[in-house]
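Asks: Structure incoming, see below.
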Amino acid sequence: MKSTEDVNRVIDAYADMVRRICFVHLKNRHDTEDVFQNVYMKYLLYEGSFESNEHEKAWFVRVTINACTDWLRALSRRKWVPLDALAEEGASMDDSSREVLEAVLKLPEKYRDVIYLFYYEEYPAVEIAKILGKKENTIYTWLSRAKELLRQKLGGEWS
């Protein structure tokens, strides 16, 4: 079991990232907070060690994505998201940010993941491939397709 200092350190380091990944997948604040707690409980009980800070961060990304997937598989959580919950989250954003968020949230899950990891967490495609357990060329293809879908929905250029 991890020490209090260690848990506090990783919460300070990764809490925002874990919450953002959860929100991208779950689309509401309440489920995000539940899964956030589950991720940190898994860390608290994790008995392994990490080779580096990058390895630790990648572990949090993978565990968070898996925890969100598990949460969505739960029978009581299938096939619906309260629209007021998403509207509540978007109310604090400016119009262009809200429009981008809505477009990203409508992408298929695999595209949401690569867009988030590439643009928000600034992982290179090589690292995303390792985190998601996919081939590097698959990640490049998904990035390209996701950018094209966003370009069609939002107009403009994506780099």
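The values are calculated or read from the model by the stated rules, or taken from the named source; none is laboratory data. Bear in mind the structure is a predicted one, so any value in this text is a computation, not a measurement. Quick reminder, even Gly has a Cβ in these numbers, built from the backbone with ideal geometry, and neighbours come from all protein chains shown. Just so you know, the surface numbers come from the protein's heavy atoms only, side chains and all, with ligands and any DNA or RNA stripped out. Shrake-Rupley method; radii C 1.70, N 1.55, O 1.52, S 1.80 Å.
Asks: Keeping to region 31-59, report how many residues are among the charged types (D, E, K, R), over 17 Å from S3 (Cα atoms) and open to solvent by less than 90 Å² (accessible area, probe 1.4 Å).
Replies: 4
Asks: Output the number of residues of region 1-30 satisfying the condition of being of a type in the set (D, E) and open to solvent by less than 20 Å² (accessible area, probe 1.4 Å).
Replies: Residues meeting the conditions: 0.
Asks: So, in region 25-59, exactly how many residues are under 21 Å from Y111 (Cβ atoms) and assigned to a helix (DSSP H, G or I)?
Replies: The number of residues fulfilling the criteria is 6.
Asks: Which of the residues spanning region 23-43 are over 14 Å from L101 (Cβ atoms) and not polar (S, T, N, Q)?
Replies: H30, D31, E33, D34, V35, F36, V39, Y40, M41, K42, Y43
Asks: Of the residues in region 60-84, how many are assigned to a helix (DSSP H, G or I) and either at pLDDT 60 or above or touching a Lys or Arg at 6+ places or on another chain (Cβ under 7 Å) (or both)?
Replies: Number satisfying all stated conditions: 14.
Asks: Need a quick list: helices (runs of 4 or more DSSP H) entirely within region 101-154 having at least 3 residues that are open to solvent by less than 40 Å² (accessible area, probe 1.4 Å) and in contact (Cβ under 8 Å) with a residue 24 or more places away in the chain.
Replies: The helices (runs of 4 or more DSSP H) meeting that bar are 109-115, 136-154.
Asks: State all residues of region 1-12 that are in a helix (DSSP H, G or I) and without any contact (Cβ under 8 Å) to a residue 12 or more places away in the chain; if no residue qualifies, say none.
Replies: T4, E5, D6, N8, R9, D12
Asks: Scan region 146-158 and tell me whether some residue there is on the phi > 0 side of the Ramachandran plot and modelled with pLDDT under 90.
Replies: yes
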